[in-house]
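All remarks here apply to the structure that follows.
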Amino acid sequence: MKFSPPRKRFENTPPKQKIVYTKRIGCFARDGLLMTGDSSVDFQLEDKVVIVTGSARGIGEAIAEAFGSAKCCVVIADRMARKDGFGRCEALAERINQSGGQGLVTQVDISERTQVEKMIQATLQKFGRVDVLVSNAGMMRGGSLLETDEDNLRQQFEINVKGSFICCQLVAKQMIKQGSGGKIVVISSVSGIEAEEGVLAYSSSKASLNVMVKCMAVELAPHKINVNAIAPGWVETEMTIPYLNKDLVKEINMRIPLGCMAKPDQIAGGALFLASPLADYITGHVLVIDGGLLSNITIKTAQGVPKVGY
């Protein structure tokens, strides 16, 4: 089998490294170090081979670029990779290459097992192994209990649950075959933890993911494969923006203790951490990144917090 081995550390780099600011992940990057202010974190991810599904846009795009900035070999896997999103995926791969990583674009519909198998084969042909899977691809359609039809329910479970299951199962088999462990990170949602009106099928599918992550973590632990999930709160992406208007954004921001919705880049740091050796003793965990949303039961209006007396 022919493949291009990942670059060696410091290969073709001058002795004195230049510090650059990586705008998309909001931090400085140098030699695999991610730094904010006076503190720095070495995620020790350089040369790791990372598959990110649903990486043509939004959270997946930000995660793929963050791994690229950490000098990983990143597989940009998306069903749009050979359609309307081809130029976008290629541009992302080029940014990853320029930041010191290696980018590979591949098309995949994660609900089709044969396509996922081809995605893994393309990864092995190019890089020779798989170290990390970020199962991010998903979909969201609104609908309450009385509004949701069976097609709506089926489609969301087909992508969000079945698709993630196929990716995790096949990648886990490859990791076991390699014998060196690995990391699996599944992108879920706070909607799978607490009820949210109007998105019954989506919330139910994400709740299923959270339990599936815990089951996989237990079963794969003997193989040194860590499985965790990230549950973002409100994030400004192309999937959520159509649901937002000025009044709703204001209402959401009042609910979030940190005062605003997240940017996709702010979710990427959690994926880097869970994929790194820093998280070697973490498995079966759902990491909530929501600005404090789920912790807040305060009733707040435009006039502030009502005074309650006893």
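The values are calculated or read from the model by the stated rules, or taken from the named source; none is laboratory data. None of these values were measured; they are calculated from a predicted model. Positions of Cβ are backbone-derived with ideal geometry, glycine not excepted, and every protein chain shown enters the neighbour counts.
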Checklist entry - How about segment 159-191: which of its residues are charged (D, E, K, R) and either in contact with a helix residue (DSSP H, G or I) (Cβ under 8 Å, 6 or more places away or on another chain) or surrounded by 19 or more Cβ atoms within 10 Å (Cβ to Cβ) (or both)? => result Lys183
Next on the checklist: Pairs please, first residue from segment 126-150 and in contact (Cβ under 8 Å) with a residue 24 or more places away in the chain, second anywhere and hydrophobic (A, V, I, L, M, F, W, C) and assigned to a loop (DSSP other than H, G, I, E, B), Cβ atoms under 7 Å, 6+ apart in sequence or on different chains.
Outcome noted: Lys126/Phe3; Phe127/Phe3; Gly128/Phe3; Ala137/Ile110; Met140/Met239
Next on the checklist: Condition first: charged (D, E, K, R) and more than 24 Å from Val213 (Cα to Cα). Can you find one or more residues in segment 267-290 that meet it?
Outcome noted: no
Checklist entry - Of the residues Ile76, Ile120, which is modelled with pLDDT of 95 or more, under 30 Å from Tyr243 (Cβ atoms) and within 18 Å of the chain's Cα centre (by Cα)? => result Ile76
Next on the checklist: Given the options Val134, Val161, Val171, name the one that is aliphatic (A, V, I, L, M), within 21 Å of Leu287 (Cα to Cα) and assigned to a helix (DSSP H, G or I).
Outcome noted: Val161
Checklist entry - Is there any pair with a first residue in segment 249-272 that is without any contact (Cβ under 8 Å) to a residue 12 or more places away in the chain and a second that is assigned to a loop (DSSP other than H, G, I, E, B) and buried (at least 17 other Cβ atoms within 10 Å of the Cβ) whose Cβ atoms are under 9 Å apart and which are 6 or more apart or on different chains, and what are they? => result Asn253/Trp234; Asn253/Met261
Next on the checklist: Exactly one of these conditions fails for Gln156: (1) under 18 Å from Val74 (Cβ atoms); (2) buried (at least 22 other Cβ atoms within 10 Å of the Cβ). Give me its number.
Outcome noted: (1)
